[in-house]
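Note sheet for the following structure.
Please treat every number below as a calculation from the coordinates, not as lab data. All values reported here derive from a predicted model rather than from experimental measurement. So basically every Cβ, Gly included, is an ideal-geometry build from the backbone, and we count neighbours across all protein chains shown.
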Amino acid sequence: MFSHPGLIHAILLALLLPILFAVRRAIPRALRSSPSSDDTITARGRRRRVIVLELVELVLAAVFFLVGGAKLVGNPDMVALFRDIGVGQWFRYVTGVLEVSGATFMVVPLMSGASAIILGAIMIAATLIELLVLHRPPIATAACLSGHMYVAWARLNRTRPRERSGSMVGNLAALRCDQTARCRKPFAGSAR
């Protein structure tokens, strides 16, 4: 994050997390994922996974708000870092804007998967820069990258069970009744 992260950075992160949580709860329900109201074992497990996912998203958002904001404000550590990279200070501003906007979208659950992919791409570039240009181990960037991979996988992995024509699910899907109790059976020659 910075050259010497310390207690002040941990306190800032701890103060930013409840604010981001309050912002996330204020988002309209249409932009949030709707948790199940079941109280079965699978529903409880699903709720735990959602809580872990939201915690990871909010921690990543808080980190990227702090780091991107430090780049935009002109923190001396960030100015020195981009001077060592040798690209120019314009790249610091571009990276800061991308990180702060990505953190903003990370707070919105509907957008967090796409934001995780974009911020993950930034972390891949940062990892390569730390390895090849700065010649130091990319521990922080690898940790952020793994968090973004988890968020992207969890938010964008929405596979449905396949409906086979010989299975019970396929047969039930073939006979769907609407509210007026009119059932329609698909034609035998239809491409379904």
Show me the ranking of peptides 131-139, 59-67 by mean Cβ neighbours inside 10 Å, starting with the highest.
59-67, 131-139
Would you work out the relative contact order for region 7-156, in percent, from Cα pairs under 8 angstrom that are 6 or more residues apart?
24
